[in-house]
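Reviewing the structure listed below.
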């Protein structure tokens, strides 16, 4: 039977983009399944409710593109991407999440994500991303690229500085930070000066705000 006039061309099943969706929210999976299922050039091959299931399904089914949430039970999105890319460096994975700190973007890209989209993105942007990533492109919005560049421009904090920053974010005083890390208050002050310089901030409050935005600490 010929398609109706004006209808999009139908692709044979073997030529359609095979998509795996990994998200722990059933409503998100169902919504994406409905959107993808209506595309003449795409087909849903599986849905994963957690990270470990995503890796297992990808390994068994080898989809063309996988949409992966960052926060999932058993294994987060970054670990999922790392594990899948370890098994096949050509795997095409797109992060679809609500988290947009430059730290999240940087970790996902470093792990091997070929696309990064927010769940509030327009439907056509999502579908275009799937098609472009399948074609071999890397797709990250200009806004997220700016966040990524901002994060990369910042000097890397040391492990100890991150520990100090984490306690600072919890409202600890210099004395309490020192006691918690078994270091002197003078050493704490030295770490704070270094943190302020690397984050380009002038106060404790600004340091916490900037670190939270960049995904260095979670409140």
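The values are calculated or read from the model by the stated rules, or taken from the named source; none is laboratory data. It should be emphasised that the depicted structure is a prediction, and the values quoted were computed from it without experimental measurement. Quick reminder, even Gly has a Cβ in these numbers, built from the backbone with ideal geometry, and neighbours come from all protein chains shown.
Considering the range 37-60, the residues that are without any contact (Cβ under 8 Å) to a residue 24 or more places away in the chain and not in a loop (DSSP other than H, G, I, E, B) include one that is farthest from residue 18 (Cα to Cα), namely 52. Exactly one residue out of 4, 48, 108 is modelled with pLDDT under 95 and in contact with a helix residue (DSSP H, G or I) (Cβ under 7 Å, 6 or more places away or on another chain), and it is 108. So, residue 184, is that one farther than 25 Å from residue 104 by Cα, surrounded by fewer than 16 Cβ atoms within 10 Å (Cβ to Cβ) and in contact with a helix residue (DSSP H, G or I) (Cβ under 9 Å, 6 or more places away or on another chain) or not? Against the criterion (farther than 25 Å from residue 104 by Cα, surrounded by fewer than 16 Cβ atoms within 10 Å (Cβ to Cβ) and in contact with a helix residue (DSSP H, G or I) (Cβ under 9 Å, 6 or more places away or on another chain)), residue 184 qualifies.
Filtering the range 172-216 to residues that are on the phi > 0 side of the Ramachandran plot and without any contact (Cβ under 8 Å) to a residue 40 or more places away in the chain leaves only 182.
Among the residues of the range 29-38, those that are surrounded by fewer than 19 Cβ atoms within 10 Å (Cβ to Cβ) and touching a strand residue (DSSP E or B) at 6+ places or on another chain (Cβ under 8 Å) comprise 33, 37. Taken over the range 187-219, the criterion of being assigned to a loop (DSSP other than H, G, I, E, B) and surrounded by 16 or more Cβ atoms within 10 Å (Cβ to Cβ) is satisfied by 201, 214, 215, 216, 217. Of all residues in the range 129-145, those satisfying the criterion of being part of a helix (DSSP H, G or I) and either exposed (fewer than 13 other Cβ atoms within 10 Å of the Cβ) or in contact with a strand residue (DSSP E or B) (Cβ under 8 Å, 6 or more places away or on another chain) (or both) are 129, 130, 131, 132, 133, 134, 142, 143, 144.
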